[in-house]
Amino acid sequence: MLLPYVWEFRGRVILALACLVIAKLANVGVPLVLKEIVDTLDPARALAALPLALLAAYGLLRLSSTLFAELRDAVFVRVTQRAVRRIALTVFRHLHGLSLRFHLERQTGGMSRDIERGTEGISSLLSFMLFSIIPVMLEFALVGAVLLSRFDWRFAAVTFAAVAVYIAFTVAVTEWRMGIRRRANELDSRANSRAIDSLLNYETVKYFNNEEFEARRYDESLRHYEGAAVRSEASLGALNSGQSMIIAAAVTLLMILAAQGVVEKTLSIGDLVLVNALLIQLYIPLNLLGSVYRNIKQAMVDMDRMFRLLGENREIADRPDAADLPPGPATVRFERVDFAYEARRPILHEVSFDIPAGAKLAVVGASGAGKSTLARLLFRFYDVGAGRILVNGADLRELRQSGLRAAIGIVPQDTVLFNDTIHYNILYGRTDASREEVIEAARAAHIHAFVENLPDGYETRVGERGLKLSGGEKQRVAIARAILKNPRILVFDEATSALDSATEQAIQDELDRIARGRTTLVIAHRLSTVMDADEILVMDAGRVVERGAHRDLLAAGGTYARMWALQQEQAVHEAALAHAAKL
């Protein structure tokens, strides 16, 4: 999955590899020149002058080793960062393409943690592969070639055997550690999810005085993570100790062989220095190979959790031949629609109705009757279980989702705002709108005067989920956002539920004005807000039990008439209480 993103910058990859090769050739050249310098300075040779050329070559090789390693890093950093950026963007887009069902079931804290670790894992994997694994392999090959060409076979045999044992031990122990680390990651994500969930529901925690309860739950998660982290670190100590023992044994044996050669006059002092320098240069990076392999495996684990998100299938996807929404005033038709969020719990049963272009249809009923589900199906957050939904005569399943949703504006019952400015939240309705259009939409939603009186005006930040604003203020921002979008179809899902009676009437008049000439679906609890609807549907337990105009439904004396009478009694009672309070 990473290869296409890396190969996009193949020129930089090739240049980085060239710098890598030059750096490693210079690195292996250092001990060879050092051997010549030591042999040249041997008192037995009675040298009259300093070997300046060799000393200059030694310095140049040292410089080249560092310089080309730095150049390699500088050249490759854009490859790494672009790959991280592109993959993170792919995951982000994919998550927005998943169904509402997935997002209702997910835990935001754990998922954000998985994405964060996954993008870090990509950077780690690319860096360690290019800057650690390939250099160690190249240096091992060069050192092996030098040992075979300059010394007898025992030197190469000990080196190769030690490297083989080292790698086998590292792989075996690291694989065992991965299970411990994977468990630690899961517990870390779980602890993070609990913390985020608790903080997002700060007010609820305070309402029920449950700070200590939340702290205990969080501490329980941290305690489990602490145990897994301790086991992980203990296993790391065992790995590092074993690696050090293998390297120490190999270096000691090779130095014994080299010293024996010097004593027997088959090797010079320079050869002893050469063997020691080569082994140090090989075993220092090899000593890091354990942590490199561990980090690569860890990056794989971290990336696996992120890429599993990419593996989530899109429940709602456009067909290859999906068409744009037909132009013109919008008509909406539900034909014998059945739907269930879960197979064992059906929500809608053979719901049928029509909203002609420019007409206003209202849906009323008790909580849980399935009213808001109609809006979710119209937006195609879910597909119907049976029947079909048509807009301008086209089945929603045959239309592009982007075009369909661009034609629909909604004022939801529960308005959640971005943690940004009021201007940004209204502008979200149409992101290319001018500031004047934003202000005009705010005026239409009767929120402009309120915003102007704030110290920062439209640049006032609304806080997490808009919690700095009251319910009514949030609702009016949502109304302004829908007005700015200027859609063909309007959906008001309990749009004035959070407003007081006086404000509700003012907003209702404005909603009636902006809905004029648009196809409008109104989902309401207060019947007084839908009296002027062209048709009213009364829903109960997922079925349409009554339909007709306000007067006709009152005359029928059924469910609607009983709901009306109950709400009128409640309104009279509230008015009496308000009057008594004034006295």
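Can you confirm whether Ile87 is aliphatic (A, V, I, L, M), at pLDDT below 80 and assigned to a helix (DSSP H, G or I)? Let's see the steps before the verdict.
Details: aliphatic (A, V, I, L, M): yes; at pLDDT below 80: yes; assigned to a helix (DSSP H, G or I): yes.
When the stated conditions are applied, Ile87 passes them.
Residues in region 385-399: is at least one more than 28 Å from the chain's Cα centre (by Cα), at pLDDT 85 or above and within 30 Å of Ala442 (Cα to Cα)?
Yes, region 385-399 has at least one match.
Leu187 fails exactly one of the following numbered conditions: (1) surrounded by fewer than 18 Cβ atoms within 10 Å (Cβ to Cβ); (2) touching a residue at least 40 places away in the same chain (Cβ under 8 Å); (3) not β-branched (Val, Ile, Thr). What is the number of that condition?
(1)
Exactly one condition in (1) among the small types (Gly, Ala, Ser); (2) in a loop (DSSP other than H, G, I, E, B); (3) open to solvent by 20 Å² or more (accessible area, probe 1.4 Å) is not met by Ala330; state its number.
(3)
For region 441-482, give me the residue count where each residue is farther than 15 Å from Tyr424 by Cα, hydrophobic (A, V, I, L, M, F, W, C) and not in a helix (DSSP H, G or I).
Final tally of qualifying residues: 3.
Out of all the residues in region 203-237, which are surrounded by fewer than 13 Cβ atoms within 10 Å (Cβ to Cβ) and in contact (Cβ under 8 Å) with a residue 60 or more places away in the chain?
Glu203
Conditions (1) open to solvent by less than 40 Å² (accessible area, probe 1.4 Å); (2) modelled with pLDDT under 80; (3) farther than 23 Å from Val363 by Cβ, marked per residue:
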site	(1), (2), (3)
Asn419	no, no, yes
Arg465	no, yes, yes
Leu469	yes, no, yes
Ala480	yes, no, yes
Asn486	no, no, yes
Glu494	yes, yes, no
Ile523	yes, no, no
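Could we say that Ala156 is touching a helix residue (DSSP H, G or I) at 6+ places or on another chain (Cβ under 8 Å) and free of Cβ contacts under 8 Å to residues at least 40 places away in the same chain here?
yes
The values are calculated or read from the model by the stated rules, or taken from the named source; none is laboratory data. Because the structure is predicted, anything quoted here is derived from the model rather than measured. We place every Cβ from the backbone using ideal geometry, glycine too, and count neighbours over all the protein chains shown. Areas reflect the complete protein model, heavy atoms only, side chains present, ligands, DNA and RNA absent. Shrake-Rupley method; radii C 1.70, N 1.55, O 1.52, S 1.80 Å.
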